[in-house]
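The values are calculated or read from the model by the stated rules, or taken from the named source; none is laboratory data. For clarity, every value in this text was computed on a predicted model and none was experimentally measured. FYI the Cβ positions are ideal-geometry reconstructions off the backbone, even for glycines, and counts take in every protein chain you see. Ligands, DNA and RNA are excluded from the accessible area calculation, which covers all protein heavy atoms including side chains. Shrake-Rupley method; radii C 1.70, N 1.55, O 1.52, S 1.80 Å.
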Amino acid sequence: MLSSADPKPQRVLSGIQPTGEPHLGNLLGAIRYWVEDQTLGDCYYCVVDLHGLTVPGDPAERRQGSLTMATLLLAAGLDPDTCTLFLQSQVPAHSQLAWVMECTASFGELARMTQFKDKTAKGGEQAARVGLFTYPCLMAADILAYDADRVPVGEDQRQHLELTRDLAQRFNATYGTTFVVPQAAIPRPGRGARIMNLADPTRKMSKTTDLPAGVVGLFDEPADIERKVKRAVTDTDSGPGSVRYDRESKPGVSNLLELLGTLRGEDPDRVAEGYSRYGDLKADVARAVLDAVEPIQRRFKELSAERDYVADVLATGARRANDVASATLQRAYRAVGL
Ligand code: AQP
């Protein structure tokens, strides 16, 4: 991801929703790259609790969910002395700049967002909260408020990042250069950009799912993780050449190869060379996933007993984030004539 040879430290911003249980896709597509980048860039990471309001939820669970997610990020390796970790709702400039973005985006642009279409497919658009529709404007504000050069996200966020770039360019062209136009930093193909559901590898591994058997939750018991991996859907063919990386015709096996490759730092077609049987591959994937997840779970347990520490980290993070984001907001307000 980032390189120490980069000419100046890049400003990095990314976020994660606190709703639902974080899973292996979140870890491999985003969180692990946040941890890698933190020593190389000037990194801001936030728990996007305002985005969580787009779906119904109990207030006490919501509050707890945000703290749990922040604790998990620390357990996964974010170092608050090296990066800035905060809750989105603690920095008012996100919501204020979101309105400026809503007045920059068009209805048609937002209506084209595939995530809105996917998320409203079941309940229908008419019943969806307006916030689910305008969510990409808040996301654009999250990013632009920090003058972020790079935004490390999974492949599913590509369209929202494109919109953010379009909005920044349009605003700059209309009112004069105000925002940095950010780049999406999506893992390269085969390296965790889109981890699929183990029980149906044609669907993304996701927090909101009706197929929990295929979602490896980061808080799952080790025995459950092992069982889920070992029951992963593969293919009916067997014998020489059956273990190969081919996303189109062998989505299940390819997903397992990608999991193992991402965890080992190898390309999935290279990983495939070492296997002729699905069972052996699954056993190694289960081991590698446990090796990655168990230390995070242990650290999470320790940090959960240190609530004051986590609260302090978030308070310090919010102060630092406010300084940066409120300055950008003032720049944008001045540019539009407020
Ligand atoms: N399956 C995935 N593979 C790789 N990366 C993924 N991400 C999510 N799923 C995968 C990345 O994780 C970061 C945080 O995502 P989020 O929780 O804020 O939102 P999301 O993309 O909507 O995640 P989910 O789990 O899929 O939640 P729901 O079910 O609510 O849609 C992002 O960088 C995301 O790309």
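What about Thr208, is it away from the ligand (no atom under 15 Å from the Cβ) and either of a type in the set (Lys, Arg) or in contact (Cβ under 8 Å) with a residue 24 or more places away in the chain (or both)? So Thr208 does not fit the description; no. Restricting attention to the range 7-34 and to residues that are open to solvent by 40 Å² or more (accessible area, probe 1.4 Å) and free of Cβ contacts under 8 Å to residues at least 60 places away in the same chain, the residue that is nearest to the chain's Cα centre (by Cα) turns out to be Pro9. Counting only helices (runs of 4 or more DSSP H) that fall entirely inside the range 107-197 and contain at least 3 residues that are among the hydroxyl-bearing types (Ser, Thr, Tyr), the qualifying elements are 158-175. Residues in the range 211-233 that are open to solvent by 30 Å² or more (accessible area, probe 1.4 Å) and assigned to a loop (DSSP other than H, G, I, E, B): Leu211, Phe219, Glu221, Arg231, Val233.
Of the residues making up the range 166-199, those that are open to solvent by 50 Å² or more (accessible area, probe 1.4 Å) and under 18 Å from the mean Cα position of the chain (by Cα) are Gln183, Arg188, Pro189, Arg194.
The set of residues in the range 100-155 that are among the hydroxyl-bearing types (Ser, Thr, Tyr), open to solvent by less than 20 Å² (accessible area, probe 1.4 Å) and modelled with pLDDT under 95 contains only Thr120. When we screen Leu110, Leu97, Leu50, Leu73 for residues that are within 23 Å of Gly217 (Cβ to Cβ) and not basic (Lys, Arg), the only hit is Leu73.
For the range 89-109, a residue qualifies if it is touching a residue at least 40 places away in the same chain (Cβ under 8 Å) and under 28 Å from Arg203 (Cβ atoms), and exactly one does: Glu109.
Scanning the range 244-271 for residues that are open to solvent by less than 10 Å² (accessible area, probe 1.4 Å), farther than 18 Å from His23 by Cα and either out of contact with any Ser or Thr (no Cβ under 9 Å at 6 or more places or on another chain) or part of a loop (DSSP other than H, G, I, E, B) (or both) returns Lys250, Ser254, Val271. In the range 175-196, which residues are near the ligand (Cβ under 10 Å from one of its atoms), in contact with a strand residue (DSSP E or B) (Cβ under 7 Å, 6 or more places away or on another chain) and of a type outside the set (A, V, I, L, M)? Correct list: Arg194 only. In summary, strands (runs of 3 or more DSSP E) completely within the range 1-100 and bearing 2 or more residues that are within 14 Å of the ligand (Cβ to nearest atom) occur at 11-16, 42-47. For the range 214-225, indicate whether the set of residues that are touching a Pro at 6+ places or on another chain (Cβ under 6 Å), over 27 Å from Ala286 (Cα atoms) and either among the aliphatic types (A, V, I, L, M) or within 13 Å of the ligand (Cβ to nearest atom) (or both) is non-empty. Among the residues of the range 214-225, not one is touching a Pro at 6+ places or on another chain (Cβ under 6 Å), over 27 Å from Ala286 (Cα atoms) and either among the aliphatic types (A, V, I, L, M) or within 13 Å of the ligand (Cβ to nearest atom) (or both), which makes the answer no.
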